[in-house]
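The values are calculated or read from the model by the stated rules, or taken from the named source; none is laboratory data. This structure is a prediction, so every number in the text was calculated from the model and none was measured. Reconstructed Cβ throughout: ideal geometry from the backbone, glycine too, with neighbour counts over all protein chains shown. The protein model used for the area step is the full one, side chains on, heavy atoms only, and it has no ligands, DNA or RNA in it. Shrake-Rupley method; radii C 1.70, N 1.55, O 1.52, S 1.80 Å.
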Amino acid sequence: MPTTSTTADTTTDPAMPGTRVPDHRGRTDLDRTGLDLTRNPRVRVVAVELLAAAWHVLRRTTFDYRGTDGRWTRQQRETYDRGDGATVLLYDPERATVLLTRQFRFPVYVNGHPDGMLLETAAGLLDEDDAETAVRREAEEETGVRVGALERVFEVYMSPGSVTERLHFWAAPYTPERRTGAGGGVAEEGEDVEVVELPFAQALAMTRTGEIADAKTILLLQWATLHGPFRDR
């Protein structure tokens, strides 16, 4: 029977970058996340191990879990922490168009996508910003649109089995006049983003054919037709 001790600790080598020693981004204590969690009395965190912190953070957490039958079992999970993010559906209600991006995504390329080039809504990590500030920044960097009024749609955990990220979803109208730049992303960060304007009906149809296969984009397009700006069309 697994122990039910409430004492939690880190099992990471303290000399590993990102623990007591700063990593290349100046971060420390990356192996402490989760040790103080007490919100769920059925979960007792036992230990956290930092596996990697080359850019984002990979941890292995050991915890005791009390099932619905009352029995405690010891479990381990690896979690990938890349921070939270934000995304926005840019739509033109008069012309019934949406403004998307196309860029290369190696993870989908290595997992069966024909060329790794995904059509997506503009998105990015929050970094040190709040969600609204971050999504305005990403929209302008990627599409060249300076966003005006924003509508909060919902917040979603995109891959809760292994990735900690919570994505903040927004929608905002745009017009050709609101495009103050070419977009394309930040070249210094390795971004090479193509801006793609599509009729909304075509974009929605592409979610059924697989031409749009990005989860956040599909969610926003479906929201737009069920509850959003194109619900009456």
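Do the conditions hold for V98, that is, is it under 20 Å from the mean Cα position of the chain (by Cα) and at pLDDT 95 or above? No; evaluated as a whole, the condition is false for this residue.
Just wondering, is there one or more residues in the range 107-115 that are farther than 30 Å from V45 by Cβ, open to solvent by less than 50 Å² (accessible area, probe 1.4 Å) and aromatic (F, W, Y)? There is no residue in the range 107-115 that is farther than 30 Å from V45 by Cβ, open to solvent by less than 50 Å² (accessible area, probe 1.4 Å) and aromatic (F, W, Y). Considering only residues in the range 140-163 that are out of contact with any Lys or Arg (no Cβ under 8 Å at 6 or more places or on another chain) and assigned to a helix (DSSP H, G or I), the one that is least open to solvent (accessible area, probe 1.4 Å) turns out to be E142. Pairing residues of the range 208-233 that are closer than 26 Å to N111 by Cβ with residues that are of a type in the set (G, A, S) and outside any loop (DSSP other than H, G, I, E, B), at Cβ distances under 6 Å and at least 6 apart in sequence or on separate chains, gives L221/A203.
Counting only residues that are over 19 Å from L167 (Cα atoms) and among the acidic types (D, E), the range 93-121 holds 2 of them. No other residue among G85, G67 is modelled with pLDDT of 95 or more and out of contact with any strand residue (DSSP E or B) (no Cβ under 6 Å at 6 or more places or on another chain) apart from G67. Looking at the range 10-95, the strands (runs of 3 or more DSSP E) lying wholly inside it that each contain 2 or more residues that are in contact with a helix residue (DSSP H, G or I) (Cβ under 8 Å, 6 or more places away or on another chain) and open to solvent by less than 70 Å² (accessible area, probe 1.4 Å) sit at 85-92. From the list V57, V46, V88, V21, the lone residue that is hydrophobic (A, V, I, L, M, F, W, C), touching a Phe, Trp or Tyr at 6+ places or on another chain (Cβ under 8 Å) and over 30 Å from L220 (Cβ atoms) is V46. With the condition kept exactly as written, say whether any residue in the range 83-92 is of a type outside the set (A, V, I, L, M, F, W, C), farther than 21 Å from V195 by Cβ and touching a residue at least 60 places away in the same chain (Cβ under 8 Å). Taking every residue of the range 83-92 in turn, at least one turns out to be of a type outside the set (A, V, I, L, M, F, W, C), farther than 21 Å from V195 by Cβ and touching a residue at least 60 places away in the same chain (Cβ under 8 Å).
Of the residues T143, T101, T97, T79, which is farther than 23 Å from F200 by Cα and of a type in the set (S, T, Y)?
Only one candidate passes the filter, namely T79.
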